[in-house]
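See structure below.
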Amino acid sequence: MSFDVLISQFLGGLSVAMLLFLVASGLTLIFGVAKVFNFAHGSFYMLGAYFSFQAINLFNNFWIGALAGAIGAGLIGMVLEICFIRRISGREEEGAFQILLTYAFILIIDDGVKFIWGPAYKTISKPESLAGALTVGPVTIPTYNLFIILLGLVIVVTAWYVLSRTRMGKIIQAASTDTQMVGMLGVNVSLVMSLLFGVATAMGGLAGAMAAPLRTIAPGTGVEIIIDSLIVVVIGGLGNFWGALFAAILIGEVNAFGILWLPQWASLLSFAVMIVVLIFKSKGLFTREQGRKKI
Amino acid sequence: MNHRLETTALWSAYVLLFGGMIFVKNEHAIHIAAQIVILGLFAISFNILFGNTGLLSFGQALFYGLGAYVTGMIAKKFGGDHFLWALLLVPLVAMAVALVLGALSLRLSDVYFTMLTLAFAQLVWGITIKWYDFTSGDDGIQAIPKPEFLAGGLHYYVFAFLVVTVCLYLLWRLHRSPFGTILKGIRQNPTRVNFLGLNVFRHKLLAYVISSCFTAIAGGLYAGLDGSIHPDMFVWTMSGGIILMTILGGMRSFFGPIIGVAVFVLLEDVVGRSTQYWSFFIGAIMIVVVMLFPKGIVGVSRQFAGLFAKKGDPLEHS
Amino acid sequence: MSILELTNVNKHFGGLHVSKRISMAIPEGELSAIIGPNGAGKTTLFNQVTGYITPDSGSIHFNGVDVTGMKPERLVKMGVVRAFQVASLFYDETVYDNIFMAAVAFHGKNWNVLASKDSYQEVDEQCQSIMTKLGLRNKAKLKAFELSHGDQKVLDIAIALTMQPKLLLLDEPTAGMSPDERVNMTQLIKAIHREFKLTTVFVEHDMDMVFGIADVIRVLVQGELIAEGNAEEIQKNLAVIDAYLGHEVL
């Protein structure tokens, strides 16, 4: 196999990885950091794509579409948090109920989308400014993919900075584990959680809008992406953005090269990777092992 | 309501209702009843893990599919006379698989356990679809033969009902056995169980193996119902559906899950036929249950019963 | 012969040296207390003796057997049993079922998947006897979460006693109790010690109780065992007065 093929396969895998990371980053925030299991995260990704499709139809501008995707998904996310998710917090078996509730969101959003936009798939095209391709030596990469890779890097650096270097980040980190303590400090914890949910779903929506030109927009796409995103978040170690980035690249590349060497089994590789990782590192790759709980 | 009274009432209701189905002449009703007892066995055995032990597996469909494929593939290859021993083989295969997968996944805590069980099930689903030569892939297996005496809806229903009843009886014994009590202890306070001198992991493993074994039997029974099975029996939405039905019925009660299954299957039969937005409908029901009736149908009934029996012994609200 | 012997036990949590070269020998049948200011490493010491955590160095012998690093489940089977600072119960179960689980574990019936719960007479008898001895009999059908704080602590000890320990470790048996409950608990511990002829070690902050019933008192300060002796000796010990009792109203 020639070197060129390997390089272009690698770059292809990287773009897939970055798209995956865009979705998984929102999930890392809400599931990893805030400890809310949002099974419907992929559905917000799908909603983002549909909103951007709708906005592009109206305004004929890709960037307005992206904005609409993010804001629309974020707003719906916040409403759902306030109306439902918030009200079951603190319950016994909260985790199971969160899974169930957000699973219900998946079903409702899927059918809602079908009802509004119909079952047929939609497409949008790349913005003209990014429609070209960049050629370096023997390798060509579409400008849009480069842009996605850059966007992923911007997100991981921003998230890392906000979470570990700002006061806001400390509050966010503590809000889910030391809820009472943070409340005592005069922080409105439920407002923080709603905003967090909104930001996370907006990130999902943005990812959907960004992925739309490369993939199709159709009902059910949210369900496909959520499992892969969960894999990424879990492999990376819950709540760790760099870990999620690494895991996304791992999954992206394993898939890209898997198609070359094991074409028939490529779609199973993500699961195989997760199984291997969890068997050897029971809390993902980048989680610090915590001491035993106090008794 | 008194606990013993409730148990007796639910057992009688089960036997009368599903046993009585054999006098019903309606083929469709019998088919629905067969679906309910088979999925009911799946849900109740799943609840040994979930409601009793506190282990949320998102991959029990693996064992449901496994049971169906072991039965289906053997019967298809060797003929209908081999259906029964294939069904007898199912628990053994399932227990062996569960022993390995359980040993790997039960070391993980909470969500990691959930994700690993999901991954195993998805992997097997993928393999079943891709390994066409062995499993017929996405086509599934159709026209699975059965022995002569099980042919016909009613005969097969009687058979399924008897098998399920025996299984439920065994699971019920487990539910109230010393082992079952320890499982409840593990859900509530594993550290304390450890300080009773018990190995928590081994108890979880046995619970996992037993639960998976009965789930596989349910799968095997399903293979004979319509004689048609599909890789989607392995897929995560199957596991998710069972979790939903279990909570809908009530995860803190032995019979809760099968009540959830019955309600769900009947609703699907009635509503599913008249709308193409069935998922939307299910989603709405799930939200109502989660928000307003988290203890499920059994929990709500207990509250009602408690309301009427208010003057009784205030201590008796198990 | 001493039933429990610690030799140079060391434990670090990160940079914190929580057990410093602790050596002690506890003779069989002794009722003793471990006292010390908050953060002295008393619970950590219990956690090492009961196998919840392993010492970094040093050794622990129980009845002459080296049990260093042994798992809790094995130590319990050997007779090292504890109760907890925060009552560690099965809160959704009845008082009876809480004790029942311990009795099932003790009699090794925990693997029986088919027997009915009430098919073992000896298990039931043991539950009844423990409930009677600890005054829980009329609360048998209450769920653990419905009990008063004091009764929850009693139930915690009842579970431990059901395991028929040879060495009983009680972590702050009166923590968070009302004065009345404290008096009851003090009497209960004394009675248990007498009735079961049981080597008992308790960690406590209530000095009336400690000096009232303990044969031997051991003082732990910042992970170090600084004094050991009967009530009188401890009260006169300058190191103890300096490090601990200096700002305690007795």
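Throughout, read-outs are computed from the coordinates displayed, never taken from laboratory work. For clarity, every value in this text was computed on a predicted model and none was experimentally measured. Glycine also receives a Cβ, built like all others from the backbone with ideal geometry; neighbour counts cover every protein chain displayed.
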Exposure proxy order (Cβ contacts within 10 Å, fewest to most) of B:I127, C:I60, B:I242: B:I127, C:I60, B:I242
Cα→Cβ-extended label distance, 7 Å offset, between B:V271 and C:K197, nm: 6.9 nm
Efficiency of FRET between B:D226 and C:E28 - r from beta-carbon atoms, R0 45 angstrom, step 0.05: 0.05
Per-residue average of Cβ from other chains inside 10 Å of A:278-287: 3
Cα-based shape type of the protein assembly as shown, given that a ≥ b ≥ c are square roots of the gyration tensor eigenvalues and the cut on a/c is 1.5: oblate
Spatial separation of Cα centroids for region B:169-195 and region C:180-214, in angstrom: 32 Å
Prolate/oblate/rounded call for region A:3-280, Cα gyration tensor, a/c under 1.5 rounded: prolate
Paramagnetic label zone (point 7 Å from Cα along Cα-to-C-beta, B:L99; backbone N under 16 Å) in region B:71-93: B:89-93
Candidates C:R74, C:R182, C:R218: whichever shows maximal mean-square fluctuation once chain C is modelled as a Gaussian network with Cα springs under 10 Å: C:R74
Calculated FRET efficiency for the pair A:R165/C:H12, C-beta based, R₀ 41 Å, to 0.05: 0.85
Residues of type lysines that C:K20 reaches as a straight line, Cα spacing below 24 Å, ignoring anything fewer than 8 places off in the same chain: A:K293, A:K294, C:K11, C:K42, C:K71, C:K236
Amide N of region A:234-251 lying under 12 Å from the label point, which is placed 7 angstrom from the Cα of A:Q173 along Cα→Cβ: A:240-241
Calculated [θ] (222 nm, deg cm²/dmol) that DSSP helices of n ≥ 4 give over chain A, each run adding -39,500 (n - 2.57): -23500 deg cm²/dmol
Structure-based [θ]222 nm, chain C - -39500 (n - 2.57) summed over DSSP H runs of at least 4, per residue, nearest 500: -10500 deg cm²/dmol
For C:H12, residues with placed amide H under 5 Å, excluding near neighbours: C:V18, C:D56
Under-5 Å amide H pairs with C:F202, H placed in peptide plane, nonlocal only: C:S32, C:A33, C:I34, C:L170
GNM flexibility winner over chain A from A:A131, A:A40, A:A212 (Cα, springs under 10 Å): A:A131
Region B:23-103, relative contact order [Cα under 8 Å, separation at least 6], %: 18 percent
Region B:118-149 and region A:155-180: distance between their alpha carbon centers, rounded to Å: 46 Å
Stokes-Einstein D for region A:1-101, Kirkwood Rh over Cα pairs, 10 °C, 1.306 mPa s (µm²/s): 101 µm²/s
FRET efficiency, A:I82 to B:R107 (Cβ-Cβ, R0 41 Å, nearest 0.05): 0.60
Hz values of 3J(HN,Hα) by residue in region A:241-250 - Karplus curve (6.51, -1.76, 1.60), Gly and Pro given as x: 5, 5, x, 5, 4, 4, 5, 4, 5, 4
Within chain B, helix-based [θ] at 222 nm, where runs of 4 or more DSSP H residues each add -39,500 (n - 2.57), nearest 500: -24000 deg cm²/dmol
Shielding by partners - mean other protein chain Cβ count within 10 Å, residues of A:90-96: 4
Count of lysine pairs in chain B with Cα separation under 26 Å (8 or more residues apart, or interchain): 10
Selected from A:I88, A:I217, A:I231 as most flexible by GNM, with chain A as the system and alpha-carbon contacts under 10 Å: A:I88
Reachable lysines, given that their alpha-carbon falls under 24 Å from the alpha-carbon of C:K133 and they are not under 8 places away in the same chain: C:K77, C:K109, C:K117, C:K141, C:K143, C:K153, C:K166, C:K190, C:K197
log₁₀ of I(q)/I(0) at q = 0.09, 0.18, 0.19 Å⁻¹ - region B:32-242, Debye sum with one point per alpha carbon: -0.34, -1.22, -1.32
Per-residue Cβ neighbour rank within 10 angstrom, fewest leading, C:I213, A:I225: C:I213, A:I225
Whether region C:76-230 is rounded, prolate or oblate, judged on the alpha carbon gyration tensor where a/c under 1.5 counts as rounded: prolate
Cβ crowding within 10 Å averaged over residues, with B:262-269, A:198-205 ranked highest first: A:198-205, B:262-269
Shielding by partners, peptide B:109-122 (average Cβ within 10 angstrom, other chains): 6
Residue order, fewest to most surrounding Cβ atoms within 10 angstrom, among B:W85, B:W172: B:W85, B:W172
Between region A:62-116 and region B:205-263, the alpha-carbon center distance in angstrom: 27 Å
Taking region B:32-242 and dividing mean pair separation by its residue count, relative contact order in percent (alpha carbons under 8 Å, at least six apart): 46 percent
Vicinal HN-Hα couplings computed from phi for region B:229-243 (Karplus, 6.51 cos²θ - 1.76 cosθ + 1.60; Hz; Gly/Pro x): 10, 9, x, 5, 5, 8, 6, 5, 5, 5, 4, x, x, 5, 4
